[in-house]
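What follows is a set of notes on a single structure, which appears directly below.
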Amino acid sequence: MSRLAYFARETLISLRRNLLMTIAGIITVAISLFLFGGILLVSATVDHGTQQWKHGIELEIFMNVGSTAKQVQVIDKELAADPQVKTYKHLTQADAYAIFKKDFADQPALVESTKPSDLPESFRVEPQKAELTEVLALRYKDQQNVATVITAAQQIKRLLTATRWIRLAFISMASVLLASSLFLIVNTIRLATFARRREIEVMKLVGASNWFVRVPFMAEGLVQGAIGAGFAFGLVWALKIIIANLLSNQHTLLSTFRVTSSDALGIGTLVLIIGAGIGVIGSIVGLRRFLDA
Amino acid sequence: MIRFEDVTKAYKGDVVALRELSLEILKGEFVFLVGPSGSGKSTFLKLLLRDEVATGGKVMVAGRDIGRLGSWKVPQLRRNIGCVFQDFKLLANKTVYENVAFALEVIGRPKHIVRTQVPQILDLVGLTKKADNFPTELSGGEQQRVSIARAFVNRPLILLADEPTGNLDPATTVGIMRLLDRINRTGTTVVMATHDQRIVDAMRRRVVELDHGSLVRDQVRGVYGVGS
């Protein structure tokens, strides 16, 4: 117990002595881990969305506006006979209008000025296999009276490419910042050992064990890393709330995207572990030169 | 207690500090280590502390070859060897009491041991009244007494002293030597490297003389220099 008290006291003294360096270390750990955790959170959100699409990948075939019932029926029959189509659903102009009203609920003027007859009829199609989506899209796109075919995959793919690049950019930024926070912690520990070199010399001389000499410095690194990570945890949590709010106002494609508390909790825990790890690794590197001499 | 067997220590760049040195120091002996600067005295002490490792031969302390000690066992060795230096190596931000207590605290001795041992040892070195003073408030002789108290508070088997009187005036030196003699009489082996001719001649203890890393003299009741 007295040994714990000793370690706690020494760690606190050392942290206070290097206050500015300590703060710099904490801030860089916090920012880098927030970037890291933030991008993981966004990825998790997107994953939830794509996960849903995977269960029943859909493509939607839009007819030209004003196609006759007969023209629509041609496509209907063809879909019914298509062995690559598992199920499909015909959306009439009334159905389209219902969706339209929901999507543009916040623009009453637009809804007001739009009549069901202005909207295209469409077919929502679930293929036998997800891989067939593109094949089906290509086949139906050039059919008579078909205006366009939208596949979930196209939109998702575009989004995934975007998030992949964003993810890459954020993770490289986060790694650079993580590296610099590591250097800052190494430097703080070096300064701390230098400030206390006479004490360390005496400790080694009278036979203090290596661990006894090291622990206060390692605790110092750990505290820095953990506090920084704690801030990052808070920021990730705040980001989760912001994303959740943004998504709750969406009724379009993004409505399948979700962010959960367990995502934020898991990522936050990871962030804490990395932060503490960086602190300890930084202090070990910082101590090596001085103590093993 | 201490045995050197054909010990050679060479540093980088072909500097040979010790050359096939063989020597035995028994438990409870008081040995002066003399010789000019660069003769290998400091290397001798550093090898005993495992601050350096011999490049040839064996250094035995209490029957163990300390050159083959794992680095995690070095602290254990050092707990059995007290050490005193010319520059005292006291911590300026700690009081006399705290400086001595520090040596016990950092090897994990419980509080009640610290509370009984430190006043005892301060009494031995005659600094009870200065317990709450800081090192800068003490004379050189007093500071050296604190450092001896720190080296001896853990009751080591061996006390090494590297020029302990190098910074002190003759009168103060006598007091320090009396203290070391007293510690020696408790059964502690004392090895003292020194340039101080007068104290070696006055004490008439075993003298080991090194020159260019070789043993040139080992005399039971010796003086500083041959013919002086």
Some residue of region A:206-217 being in contact with a Ser or Thr (Cβ under 6 Å, 6 or more places away or on another chain), under 29 Å from A:Arg288 (Cα atoms), part of a helix (DSSP H, G or I) and at pLDDT below 90: yes
Pair list, Cβ < 6 Å and 6+ apart or interchain, from region A:269-291 residues that are without any contact (Cβ under 8 Å) to a residue 60 or more places away in the chain and under 11 Å from A:Phe233 (Cβ atoms) to residues that are crowded, with 16+ Cβ neighbours inside 10 Å and among the charged types (D, E, K, R): none
Test for A:Ser181: is it in a helix (DSSP H, G or I) and touching a residue at least 12 places away in the same chain (Cβ under 8 Å): yes
Criterion (of a type in the set (A, V, I, L, M), farther than 29 Å from B:Gln117 by Cα and surrounded by 14 or more Cβ atoms within 10 Å (Cβ to Cβ)) met by exactly one of B:Val200, B:Val220: B:Val200
Members of region B:121-157 that are in contact with a Ser or Thr (Cβ under 9 Å, 6 or more places away or on another chain) and not in a helix (DSSP H, G or I): B:Ala131, B:Asp132, B:Asn133, B:Phe134, B:Ser139, B:Arg155, B:Pro156, B:Leu157
Any hit, region A:99-119, residues being among the aliphatic types (A, V, I, L, M), within 30 Å of A:Val271 (Cβ to Cβ) and either modelled with pLDDT under 80 or in the same structural domain as A:Lys240 (by TED's automatic domain parsing) (or both): no
Qualifying residue in region A:9-31 (condition: touching a Lys or Arg at 6+ places or on another chain (Cβ under 6 Å) and assigned to a helix (DSSP H, G or I)): no
Residue check, B:Leu49 in contact (Cβ under 8 Å) with a residue 60 or more places away in the chain and within 14 Å of chain A (Cβ to nearest Cβ): yes
Flag if A:Val125 is assigned to a strand (DSSP E or B) and among the aliphatic types (A, V, I, L, M): yes
Region A:195-233, subset β-branched (Val, Ile, Thr) and over 16 Å from A:Val29 (Cβ atoms), residue nearest to the other protein chains (Cβ to nearest Cβ): A:Val206
Evaluation of B:Pro135 against (1) farther than 17 Å from B:Thr186 by Cα; (2) touching a residue at least 40 places away in the same chain (Cβ under 8 Å); (3) crowded, with 21+ Cβ neighbours inside 10 Å (one fails), failing number: (3)
Pick from region B:85-108, criterion more than 10 Å from chain A (Cβ to nearest Cβ) and under 18 Å from A:Ala208 (Cα atoms), ranking: surrounded by the fewest Cβ atoms within 10 Å (Cβ to Cβ): B:Glu98
Selection within region A:179-215 - farther than 28 Å from B:Val74 by Cα and crowded, with 20+ Cβ neighbours inside 10 Å: A:Ser181, A:Leu182, A:Leu184, A:Ile185
Residue tally, condition modelled with pLDDT of 85 or more, surrounded by 15 or more Cβ atoms within 10 Å (Cβ to Cβ) and polar (S, T, N, Q), over region A:65-83: 1
Filter result (within 14 Å of chain A (Cβ to nearest Cβ) and hydrophobic (A, V, I, L, M, F, W, C)) within region B:152-206: B:Phe152, B:Val153, B:Leu157, B:Ile158, B:Leu159, B:Leu160, B:Ala161
Residue match in region B:152-163 (condition: within 24 Å of B:Arg185 (Cβ to Cβ), surrounded by 22 or more Cβ atoms within 10 Å (Cβ to Cβ) and in contact with an Asp or Glu (Cβ under 9 Å, 6 or more places away or on another chain)): no
Among residues of region B:114-123, those that are more than 11 Å from chain A (Cβ to nearest Cβ) and either aromatic (Phe, Trp, Tyr) or in contact with a Leu (Cβ under 8 Å, 6 or more places away or on another chain) (or both), counted: 2
Residue tally, condition among the β-branched types (Val, Ile, Thr), in a loop (DSSP other than H, G, I, E, B) and free of Cβ contacts under 8 Å to residues at least 40 places away in the same chain, over region B:68-120: 2
Test result for B:Asp181, acidic (Asp, Glu) and either surrounded by fewer than 19 Cβ atoms within 10 Å (Cβ to Cβ) or at pLDDT 90 or above (or both): yes
Options B:Arg78, B:Arg64, B:Arg68: the member that is modelled with pLDDT under 95 and closer than 23 Å to A:Tyr6 by Cβ: B:Arg78
Filter result (on the phi > 0 side of the Ramachandran plot and not basic (Lys, Arg)) within region B:57-110: B:Gly57, B:Ala62, B:Gly63, B:Phe88, B:Gly108
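The values are calculated or read from the model by the stated rules, or taken from the named source; none is laboratory data. Everything numeric in this text was worked out from a predicted model, so none of it was measured. Glycine gets a Cβ as well: all are built from the backbone with ideal geometry, and neighbour counts include every protein chain shown.
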